[in-house]
Structures are given as structure tokens and as C-alpha cells.
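Since every read-out is calculated from the coordinates, none of them should be taken as a lab result. On a predicted model such as this, the values are computed, not experimentally measured, just so you know. Cβ placement follows ideal geometry from the backbone for every residue including glycine, while neighbour counts extend to all protein chains displayed.
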Number of protein chains: 2
Amino acid sequence: MSRIFSFFLFVLALAAEPADFIWSARYVITMDAQRHVIENGAVAIQGDRILAVGTRAEIDARFQAKQRLDRPDAILAPGLIDTHTHAAMSLFRGIADDLKLQDWLEKFIFPAEARNVDREFVRWGTRLAAIEMALSGTTTYTDMYYFEETVAEATKEVGLRGVLGQTVIGFPAPDYKTPSETLAGTERFFKTFANDPLIVPAVAPHAIYTVPDEVLKSCRLLANRYKEPLVIHLSETKHENEESLAKRGKTPTAALESLDVLNGWTVAAHGVWLDDADMKILKARNTGLAHCPSSNMKLASGVAPVVKILSLGIAMGLGTDGVAGSNNDHDMMEEMDLAAKLQKVTTFDPQALPAETAFAMATITGARALRLDAMIGSIETGKRADVIMIRLDQPHAVPVYNVYSQLVYALKASDVADVMVNGRVIVRDKKIMTIDPAPVMAKAAEYQERVKKSLAR
Amino acid sequence: MSRIFSFFLFVLALAAEPADFIWSARYVITMDAQRHVIENGAVAIQGDRILAVGTRAEIDARFQAKQRLDRPDAILAPGLIDTHTHAAMSLFRGIADDLKLQDWLEKFIFPAEARNVDREFVRWGTRLAAIEMALSGTTTYTDMYYFEETVAEATKEVGLRGVLGQTVIGFPAPDYKTPSETLAGTERFFKTFANDPLIVPAVAPHAIYTVPDEVLKSCRLLANRYKEPLVIHLSETKHENEESLAKRGKTPTAALESLDVLNGWTVAAHGVWLDDADMKILKARNTGLAHCPSSNMKLASGVAPVVKILSLGIAMGLGTDGVAGSNNDHDMMEEMDLAAKLQKVTTFDPQALPAETAFAMATITGARALRLDAMIGSIETGKRADVIMIRLDQPHAVPVYNVYSQLVYALKASDVADVMVNGRVIVRDKKIMTIDPAPVMAKAAEYQERVKKSLAR
């Protein structure tokens, strides 16, 4: 009997296709075009790719995996995509809250940045943020900051995927003193990270009101020459719009369009004050947008017309923004929940932005906003293996009547148990696997004292 | 040497006052009148009371504790107070989301309640909710549901403090068929839980539009006769206000006042559509209010004028409401964050409802809303020992520049590590100590299938 059984296993192993991993869960949320949700589902992974997705029975019959993770009490979903952040600012978490924008910027953020931000600050801050993101299920994030090649190094160290924008701004910055130096540095950055499996290098002109027109144009040309994205803040505040209208007679979007800045791969953050004509331009240019509900609420910027934007077919993802006052964490589970609730209460329509749409914004729609939807954003054969396991083992996670509703309105960042990016397990059982968090936490404490002292001066 | 040292310890033990517990932390947030925050602070507890609060050095010099808990990486704060919930509805978590209120009520909630709610449902649902609340730092909650004596039993089992309102409603309910039966039952409930150390029994006429006027008056008389509170929904929706104005020519608040229903200890939930005259009445009557931002946003009820209400000196706490669609969790850390952000974005003022005010709503102001502020809501000598430890050991929790900001905008329910209610440790190291959660989770799964089937009929 035992010999026959061994022979049977041998035949099965011959017949089965090899896979590096099989991950199975109570529910697999694919976010494919048909929005398949597979009960008792599984996914097979080989190298950096998803080989197949199906029921656990189907996947187990077809594949023989080197490693497996079976979580009958979890949801397996595409990794979350944060479309707008300033990661390194994590070291300024909550440095100044509940202030008017000008006071916040001028009395706290600008002095704090001028006195503290250097390459090492950016390295440790990005590590801290990237660990926070990984632990809360974010697998791809979009950044705008300084020393962006160092951001890229820290991002790869933690194992996240990043669309990383080197900031270009019209005044001396911590890394480069002039826009032309910055552009030269950005070009080197583009070359260093060309074809990197995890990093999409980008150029990030800060905003229309902080970057001279000629520099904005140069950013676009540079991005297009290297076929990399341009990321920018757009119509975040009413003041920004009013100033643009007063100075240029055009909205920020129309002004950027007239400078030909939107002519290419672009991701624009906020879009709170977009009007119909702006949306028409953004739709025509296939510009991706990042909605940042926490930030827009906390800074009292206003409420982006998300329902309308999405109804026009413009891809709008979700972003956490920086944690130095605009938000105080990088928690995409919270942004989904906020996005849905904020649209409902401000439109007086409880059906506005339902849970499934909010979850899409955090995954496949976010991927579309970044023009990376051929690669990430859903669990489909051939896509990169960016997947997360979210457990249903806590009292707040049960019962489950609707998986999208549970994800958006009940589950928390702390329910994320396992995270894989590009076929690599970066979080296992709620522990970061790629980097020792202890020295990062210690550095955060060290910077806390240093930054406090720098502001007391 | 060793004998001298033993003698020294002996003398110290003689000199020191006895305490059951000393809990120390990096920061002790007292929420006393001066809002003292004590770095490297501690609290001594004896029986159900706080003996003293001070620096760790002071407390250690003065007291000799049987048990101690030292968390140099945590915030020690008053337990959170949830001023409005329907705990047992946890078994309906997310049963129907993103629907118009009438569809939600008539197609899902009412049928689901009619077909499923009995005493056992309430027992298991309350257990589930109470464990969720305890794990997320809630030490006191206010309930409105059916079979409230069973709610009280489950609440005591988990070890929470509760202001528990027996629902009185103008149609046959799962527990009682008529208002007069309900009132008789409520009177028995009052007698059973008179002088209970954890339970404040209350009468809960559902709302002005679901309870006949004569019954509303009887509720008030009963509450006053037993010196217990009356809890009620008030001006939650625009429809409720318009209907009241059309039928009675009075706002709901004015109508209740004219019926003398507000003449006594009252906690009213929502208050979204209160006008100036309503606020004047509520102030004069010293009515406590419960603000439920998640619920008001999700059901698109509107935005309560919280800043104005608080500026008038009316005590408004925070509430999670039920999890069957109005919210999908009992997470007070989230409600604080939402309350602050929602006021900012809707008033276009980033200074509206700062973090400290939001944290006060979740603690001492909530206690005032319940008229229990002599007993709970702050860490002060003589108050009940309702305290929580919130850890700062995760990447999202550091650095710390401002403790209130961190609590409201960055820390999560999952950071709550230890919870004490009335001098009893009910959560230790993120584990519930008072009840085995496994059968409760199993029951939730069982009810999930049962409820699904009941709605498929």
C-alpha cells in the first residue's frame, strides 16, 4: 500500500506544474474586470508573477508549491496602492496639527525641513514609512520628496514597489539648490533606476505655484524623453485656484495644459477644486489622480468631487499624503473608509461611493491612475505577485456578510497579516521580514529629540 | 549587607501605603481640569478606585503595589467612553451597506431583526461587541436595544461599564409586545441593577417619531422615579426634523421639551439638525449629547454642529452607533479622528475641533454627557479605576511630538494593550482576560449563516 501511495504522489508531482508559492484564503478578491470573488480560493505564484488564481481545489490540483500559506480565516486581495505620499516626512509625524495652512508651513514645516532634512533623514524617514506601509498592506506607493534616489534605496530595502518622484521646486531645496541642478540630478536618478523591477523613477514638480513655468515645461520634456511619469500637486486648495485665476486667468489645470505639462504620463494629487472644464482636460490627457481624504479633511482643503471624477472615467486612486500634519499615518484601510464616508455625507447620498468602488480606488483604479494596471492592481494571471492577506480573526472582523463592506468599513491596517511584493514575502504574520525595525524605531526616537530642539531655537 | 538591605526593604514596606496596582507609562494623560500630562507618570489603584496619580518616582515612593505594569513605551489614559451604541447588532455587522435609509431599514434591518433577534442573539451579540470595545480601549458604553437585562449580564461578564437603555418603541418588539409591557419590564430592570457597580440601567424611548407622546412622558416619569437616565435618538436626520415640524409645528427638541421629556437625566444621540433654539433648551436641561461621526457620514445624515454645541458648554461625547450599516465597528479611536477631521473640512477651518478637544469628547466630555463625570472620564484621585494603556511600539506610533495629536490622528484601536475597568484588568497584552473569545467568534460564524438564510427567505 505504502509503495503504491508513494508512486501516486510521484505521478502527481510529475503532473503538477511547479510554483514558488500557493496562498489560499477564505475569500480571494481578484479585482479583475468581472470583480470575481472566489470563496475558498487560492493563488499560485512563480518568480515575480501570478501563475493562476482559482478555487483552492483547482489550484492545488494543478500546482505543486515550494511554500504555501493557508489562511481559512482571511481575505486574499491585491496589495494596496497609495497614489500620493511624502514618505520621509514620517519623522515629522504630528509635528504641528490643527493649524492654519500658512502657519503650519511657515512656522513648522519649512523651518523643520530646513534644519533637519538631509540624506540620512530621508533614508531613516523612508524606512520608517515604508515599514508602516508594508505592515498595513500597501505594496506600491507614490512619493514626492528630496534625495529621491535614497528614497528608492530605502524602498527597495523594505521591498515595496514605488513610483518615486524627485521634487523640483523654485527655491533652494535640501538636496539641490536650483531647478537646473535638480533636473540634472533627476536625469541621473532616471538612469540609475531604469528598468528596476520595483522602482518607477519620476519627476515631481511641486505645484504650479511653486515652480517657474519654464521649469515645469522642462520637467515634462525630461519625463517624456525617459518615458517616466511626472507627479504634481494640483488644485489642492481654493487659494491655489484663486491665485492661478487671478495671475493667469486660468485654473491650475488649464494653465498646466497651456504649458503642455499634462501632455504625457502624469499623476496629479488632490484635485479638490477641479471644475468641469478641468476634468475634461484631465480625461483627454489620461491624467491619473490621487484623492487624499484624510489630508483634505484635516487641512480643511475641501472635498474632491470624487463621484463625478470617477463617473467620467478618470482614474482616481487614494493617497495618504505626508504625516507631518496633513495626515498622521500611512493607513490605506483608513483612507478607503474615509473616502466612502466623506462622499456620502457631503452629497447627502448614502449610495455615493460604495465599498466596492472605494476598494477599487485602493487597488485597480489606483493602478490605472499610475498607468501600472497592466502590471498591478488585481489578482490575475501574468500580473506581478503583489498580494496581501487580511485576517478575519478579531471580534471586529466578524460576521462577514459582504467582503467589500468588511474591507472598507470594518477591517483595519492591523488585520493585515502577510504581504507579498513582486513575489517576495515582505510581511509574515504581522512582522516585517526584510529589515530589522528596531534600529529604525530607535532612529525615530533620536530624530524626535533632534527635531524638537531644532524648533526650539 | 544583605541583612541591612532586607531591613531597609522592611521599613520601606511598612512606610509605603498599600495599593493593588501601580501602572506606569511614558506619558500619563489625566484629562483633569488642568489637563495635566505627566511624563514618566504612574497611577496607584486600590479596589475600584484611583488612589493617586503622579510621576512614577512619586508614586513608587509612596505606594507598595501587589501588581505592577510598567510600559515605558505607552500612553496611560482614561478609558474611552462610547456614548451611543446598539451593541447586540454586532451580529448584523455590514449586513446592508451603501443603501438609502428606508431601503436599509425596511428591506434589511427590520426583517433581519424580526427573524433573528431573541434573548440568545442579544447575549452573543453583546458579548461580541463588548469584547471588541474592550480590546479597542472602550471602558464605558451606552446602549439602546432589546432584552437589556441580558445586555447587562453580558456587559458585566466582559467587565465593561454600561449605561444600558431598554428600548421602548411604539410597535411590537422582540422582547415586549406593547409599550406598557416594556415599561413594566424596564422597571424590573431598574430594580435588578440598582446600585450595580458597573451598570447604570436606563430607559430608551427610541425617538420622537416612533414612540407615542404618552409613552414618552411615561418613560420620563419612570426614569425620574428611579433616578436613572433616559436615552433617546434626537434630530438624526433632516427628515425627522421636517416631519416633526410638519406634524407638530415644532422641532423634535422643542416637541420633547413641551412634553417635559427633557426634564431630567437625558442622553440624546446624534443632534445633527439642532438649531439655536434647540441648543438653548438642551443647555438649560443639561442634556448630554452623543456625536456619531461614522454613522452620520455613512448614512449621509449630515454633519452635527459640534463646534457650536461644545462652545455653548453642552456636553457632547462620541458614539460608534450600531454596526449593522451605520458604522461597521465599535472603534472609538476612529471616531475621535473622524470627529476632528469632519468638523475641519465642513467648516473650512483646520483649527476646528483640535485633537485635545476630540480626545476630551472621548473621555471627560463623554463622562459629562452621561453625567458620570464625578466617577469616570479622567485619571484623578478618588475616581473609578477605568484606565487604558496605548502602546507606542509600532512604526505608525513614532515619533511623538504631541500626545493628543498622536492619540487622535495616528494611534489605532490595535495599539490598545491593557484595559482596566473598575479596578479589574479586563484586557492584558491585547488579550481579553474575562471571557473566552473563541465560542463568541464561533457563535458569530453560526449567526452569519442563520441571518443570511433568514434574509434569503
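A compact table of results
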{"read-out": "Whole-number percent relative contact order across the stretch A:80-369, with pairs defined as alpha carbons under 8 Å at least 6 apart", "value": "20"}
{"read-out": "Gained length - A:Leu312 relative to A:Ala15, 0.36 nm times residue gap less alpha-carbon distance", "value": "102.1 nm"}
{"read-out": "Estimated FRET transfer efficiency (B:Lys100, B:Ala442; beta-carbon r; R0 35 Å; 0.05)", "value": "0.55"}
{"read-out": "For A:Gly159, net neighbour charge (Lys/Arg +1, Asp/Glu -1) across residues whose Cβ lies under 14 Å away", "value": "-1"}
{"read-out": "Label point 7 Å beyond Cα along the C-beta direction, distances from A:Lys227 to other copies (nm, shortest first)", "value": "8.1"}
{"read-out": "Where labels lie 7 Å past Cα in the beta-carbon direction, separation of B:Lys430 and A:Lys280 in nm", "value": "5.3"}
{"read-out": "Net charge contributed by nearby residues that have their C-beta within less than 13 Å of A:Asp276 (K/R +1, D/E -1)", "value": "+1"}
{"read-out": "Shielding score for B:387-398, defined as the mean number of other chain Cβ atoms within 10 Å", "value": "6"}
{"read-out": "Shielding by partners - mean other protein chain Cβ count within 10 Å, residues of A:430-441", "value": "1"}
{"read-out": "Inter-chain Cβ neighbour average for residues A:340-352, partner chain, 10 Å", "value": "6"}
{"read-out": "Ellipsoid semi-axes in whole angstrom, largest first, where each is sqrt(5λ) of the Cα gyration tensor of the stretch A:80-369", "value": "25, 22, 19"}
{"read-out": "Theoretical ellipticity at 222 nm over chain B - DSSP helices of four or more residues, -39500 (n - 2.57) apiece, nearest 500", "value": "-11000 deg cm²/dmol"}
{"read-out": "B from A by rotation - nearest chain A beta carbon to the axis, in Å", "value": "A:Ser414, 2"}
{"read-out": "Pairwise label distance in nanometres, A:Ala374 with A:Ala33, each label 7 Å out on the Cα-Cβ vector", "value": "1.5"}
{"read-out": "Counting DSSP beta bridges with both ends in the stretch A:80-369, the antiparallel % (nearest 5)", "value": "0"}
{"read-out": "Spacing of the two label points (7 Å from each Cα toward its C-beta) at A:Glu181 and B:Ala61, in nm", "value": "5.4"}
{"read-out": "Gain in span if fully extended, B:Tyr209 to B:Lys227, counting 0.36 nm per residue against the direct Cα distance", "value": "4.0 nm"}
